[in-house]
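A quick write-up on the structure given underneath.
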Amino acid sequence: MTSPSTEPKAHSHGLGEIPFSKLATHGSFDVNDFPVPNGREEEWRFTPLRRMKGLHDFKGEADGVDKLDVDAPEGVTVEKVGRDDARLRTAGLPADRVTAQAHSSFEEATVLTVAKGTALERPITIERQAQGGTRFDQYLIELEPMAEAIVVLKQTGTGVRAGNLDLHVGEGARLTLVSVQDWDGDAVDVTQHNAQVEKDGTFKSIVVTLGGDLVRLSPKVAYKDRGANAELYGLYFSSDGQHHEHRSLIDHNVSNTRSRVEYKGALSGKDAHAVWIGDVIIGEGTTGTDSYEINRNLQLTDDTRVDSVPNLEIFTGEVEGAGHASATGRLDEIHLFYLRSRGIPEEEARRLVIRGYFLELINRIPIEDLREEIMEKVEQKLAAHE
């Protein structure tokens, strides 16, 4: 029988019970509250469970090893804390069995705190290199009121990984998170990002997924008070056999909040598969919500697959703006013809068009060296299929 903590309930914002939200996530910290998925569930139907190396029904021991380097400037406190630290259970509930397993199984969490009113002069850099095995992780990044920070999370290496990254953005604080998934070709990664944004706070997420055999990343945002803003951007390039899945959920649970979601992907090579699920909820009784989400995909070769599903639920008539869009297609032959008519070889023309396609998102990364690094990796993936 399903536990009460995961049983569907009416979506409520303090104004009583209202019609059930099909998008709202009713999670749990306890892995036993989730049935073992079989692939027919809505939240799992796009994910190839056979390639998850047992994460969805884990029965072994976590034997993975990571090399973790944290470079934090003055004004940042870095801690290792145990499971009993109360801060680890406040950003959001795990939404599926795998991330609940991660919360039930991690032994030690890494917590980074940026002090009140501190505007960091340089980014916090977290470099995580997986060195095999299976591992479950928990991270927390907390910005106290009026703090400002850029955090870069670089993930490389091999192994099977699952975890939760909690993000607390205090009143008037500004956090930019750049998360780069550049795993080895055999790696599996299932991660949930839980952002909680306080009054007048701003959270910007930039996700770059290039590596891994299977990557499933689920960013979630909830608001604590008016004036909070969230922007979720994503770039992914899926090659031969890779499965890249991104599932965002924005819950506009209070009035006068804003969100923007924009993900762009490219696919090249046999059996490359990209999945984007974008869920937005505008809650009952809220006013002044401004929300928009869009997903674009570029299929560069045959034998690739895209599943793109934008979802929008509105429980109020007082909305500032709300919309969504999705588009999947091939390279624009007119653009290619224009460049080739000016003496540019076909392959170079293709690279220029794709570079321009990704450039807007890459330019949102606030670090020049990292922008150049990401663009170079995109061009390397392009070159591999020319």
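The values are calculated or read from the model by the stated rules, or taken from the named source; none is laboratory data. None of the values given here were measured: they were computed from a predicted structure. A quick note on method: Cβ atoms are made from the backbone with ideal geometry, for glycine too, and the neighbour counts reach across all protein chains shown. Only protein heavy atoms, including side chains, enter the accessible area calculation; ligands, DNA and RNA are left aside. Shrake-Rupley method; radii C 1.70, N 1.55, O 1.52, S 1.80 Å.
In summary, LYS220 fulfils each of the numbered conditions (1) within 13 Å of the chain's Cα centre (by Cα); (2) modelled with pLDDT under 95 with the single exception of condition (2). Residues in the stretch 116-133 that are open to solvent by 20 Å² or more (accessible area, probe 1.4 Å) and in contact with an Asp or Glu (Cβ under 6 Å, 6 or more places away or on another chain): LYS116, ALA119, THR125, GLU127, GLY133.
If you go through the stretch 200-218 one residue at a time, do you hit one that is of a type in the set (Phe, Trp, Tyr) and under 22 Å from GLN181 (Cα atoms)? Yes, the stretch 200-218 has at least one match.
Residues considered: VAL160, VAL169. Of these, the only one that is in the same structural domain as TYR263 (by TED's automatic domain parsing), β-branched (Val, Ile, Thr), over 29 Å from HIS56 (Cβ atoms) and open to solvent by less than 20 Å² (accessible area, probe 1.4 Å) is VAL169.
Look at the stretch 359-373: where a residue is not assigned by TED's automatic domain parsing to the domain that holds LEU232 and a partner is of a type in the set (Gly, Ala, Ser), sitting 6+ places away or on another chain with Cβ atoms under 9 Å, you get LEU361/GLY234. Those strands (runs of 3 or more DSSP E) of the stretch 100-190 in which at least 2 residues are closer than 15 Å to THR202 by Cα and at pLDDT 95 or above, considering only elements entirely within it, cover 124-143, 148-169, 174-181. I need a count of the residues in the stretch 182-196 that are free of Cβ contacts under 8 Å to residues at least 40 places away in the same chain and either open to solvent by less than 10 Å² (accessible area, probe 1.4 Å) or under 16 Å from the mean Cα position of the chain (by Cα) (or both). The qualifying residues number 2.
So that you can scan it fast, the table gives a plain yes or no per residue for (1) in the same structural domain as LEU175 (by TED's automatic domain parsing); (2) in contact (Cβ under 8 Å) with a residue 24 or more places away in the chain; (3) open to solvent by less than 50 Å² (accessible area, probe 1.4 Å):
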residue	(1), (2), (3)
SER21	no, yes, yes
PHE46	yes, yes, yes
ARG50	yes, no, no
LYS53	yes, yes, no
PHE58	yes, yes, yes
ALA62	yes, yes, no
VAL65	yes, yes, no
LYS80	yes, yes, no
ARG87	yes, yes, no
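Does ASP225 qualify as being in contact with a helix residue (DSSP H, G or I) (Cβ under 9 Å, 6 or more places away or on another chain), open to solvent by 10 Å² or more (accessible area, probe 1.4 Å), farther than 21 Å from LEU370 by Cα and not hydroxyl-bearing (Ser, Thr, Tyr)? Answer is no for this residue.
Taken over the stretch 101-115, residues that are over 24 Å from GLY157 (Cβ atoms) and open to solvent by less than 30 Å² (accessible area, probe 1.4 Å) amount to 2.
One line per residue, one yes/no per condition, for (1) farther than 27 Å from VAL215 by Cβ; (2) in contact with a strand residue (DSSP E or B) (Cβ under 6 Å, 6 or more places away or on another chain); (3) modelled with pLDDT under 90:
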| position | (1), (2), (3) |
| --- | --- |
| ALA10 | yes, yes, yes |
| GLY16 | yes, no, yes |
| GLY27 | no, no, yes |
| PHE34 | no, no, no |
| LEU55 | no, yes, no |
| ASP63 | no, yes, no |
| ASP66 | no, yes, no |
| GLY82 | yes, no, no |
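Scanning the stretch 266-307 for residues that are closer than 17 Å to THR47 by Cα and aromatic (Phe, Trp, Tyr) yields one hit, TRP276. For the stretch 352-386: of the residues being under 20 Å from GLN299 (Cβ atoms) and of a type in the set (Lys, Arg), which is surrounded by the fewest Cβ atoms within 10 Å (Cβ to Cβ)? Applying the filter and picking the extreme gives ARG355.
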